[in-house]
Amino acid sequence: QVQLMESGGGSVQAGGSLKLSCEVIGDGFKEFCLGWFRQAPGKEHEGVANIDSDGSISYRDSVKGRFTISKDTAQKTLYLQMSELKPEDTATYYCAAGYGYCAMSAARNYWGQGTQVTVSS
C-alpha cells in the first residue's frame, strides 16, 4: 500500500515563496513517475511539474523559472519549491505517483490528500 502525505501549503503575498513536501510511504519510490498537480475553484485539474525515475523534469509553461521540482530518494520525499508566487497560483496542490509512462498527462496510481496554497495580491 502506498500513501502520499503533502505538507507545506499556506498563505503568502504575491512575490512570496513556499515549499511543498510530499512524503511517499510504502515501496516503489525509485521507480515512480512523480508529479505535482493543482486545482483552483471552478478550474480544471492541471499538471504543474513532473519528475521521472531517471530525474527528467518538465514544467507547465506558466511556472517555468518560478517553480522547482526535486526529490530526495533516501527520504522518499518529493518537493516543489515555489517562488515569485502569483494570485493565479492559488489552488489546492496534490502530489501523485505512477508507474510506467511518465509525462505530465500520464495517469497516476496514487494521490495525496492535497494542500492549499493561497496567494494574495
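Bear in mind these aren't lab numbers, they're just calculated from the coordinates by the rules spelled out. The structure displayed is predicted, hence computed values, not measured ones. A quick note on method: Cβ atoms are made from the backbone with ideal geometry, for glycine too, and the neighbour counts reach across all protein chains shown.
Go ahead and run the numbers for FRET between residue 121 and residue 70, Cβ-Cβ distance against an R0 of 30 Å, rounding to 0.05. Once the sixth-power term is evaluated, E becomes 0.60.
For the chain, what's the relative contact order in percent, using C-alpha pairs closer than 8 Å and at least 6 residues apart? List each step's numbers first, then the result.
Details: 293 pairs, mean separation 42.9, N = 121.
Once normalised by length, the contact order is 35 percent.
Quote the charge dipole size of region 6-121 about the Cα centre in Debye, to the nearest 20; the model charges only the Cβ of Lys and Arg (+1) and of Asp and Glu (-1).
Numbers: 11 positive and 13 negative charges, 32 e Å.
Around 160 debye, computed over region 6-121.
Comparing 58, 81, 3 along the charge dipole axis of the chain, the residue lying farthest to the positive side is 81, per the Cβ-charge model.
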